[in-house]
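Trainee: Dropping the structure in here first, questions after.
Taken together, the values in this text are just the output of simple stated rules run on the coordinates, not laboratory data. Owing to the predicted nature of the structure, the values given are computational and were not obtained by experimental measurement. Because the Cβ atoms are built from the backbone with ideal geometry, glycine has one as well, and the counts that use them run over all protein chains shown.
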Amino acid sequence: MWSDRYYYLNIYYDENLSESFDMEKLVTFLMSITELKQNSNYLFANNQGFPFTEILLLNAKNIDSWSENNFAKTKVNLLAIVCEKGNDENFQKLKMMFIKIANFLSWQLVDEETDDGIENFIIWESKR
């Protein structure tokens, strides 16, 4: 999805969502990131003073067709991210945090659709 106001990003192992990660370990890791706060069991958002972002922890069947209700208590295979598209400085801060998360998981950070119309553009990927 493309927007002039928001980036729609994903963190996953691959487009087939063939790998999952332990939910409890991921939540513990995300709670250690000071820029984030946990809003619900499966939703993290920015802390005050950090650029807008929301991260949904999902267990989806398909990368192109999922719902915000695709949860599993024990595993996650997709982090769906919405973040502000304000200025480049803010996005660089956000991107560094997302790369930190993707690196922890040994997964990839992907832009759903770039400003140039490129779908599933890999921003960063782990050296697995």
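Trainee: If you take every residue apart from N47 with its C-beta less than 10 Å away from the C-beta of N47, what net charge results, scoring Lys and Arg +1 and Asp and Glu -1?
Mentor: Computed value for this residue: 0.
Trainee: Divide, for the stretch 6-125, the radius of gyration over alpha carbons by 2.2 N^0.38 Å, where N is the residue count.
Mentor: Relative to the 2.2 N^0.38 Å estimate, the stretch 6-125 comes out at 0.98.
Trainee: Once Lys and Arg get +1 and Asp and Glu get -1 on their Cβ, which of N62, S18, M31 lies farthest toward the positive end of the dipole of the stretch 6-125?
Mentor: Most positive-ward Cα: M31.
Trainee: Given charges of +1 on the Cβ of Lys and Arg and -1 on the Cβ of Asp and Glu, with all other atoms neutral, how large is the dipole of the chain about its Cα centre, in debye to the nearest 20?
Mentor: Dipole of the chain, to the nearest 20 debye: 660 debye.
Trainee: Now, a different point. Can you list the lysines whose alpha carbon is less than 20 Å from that of K127, not counting same-chain residues fewer than 8 positions off?
Mentor: K95, K100
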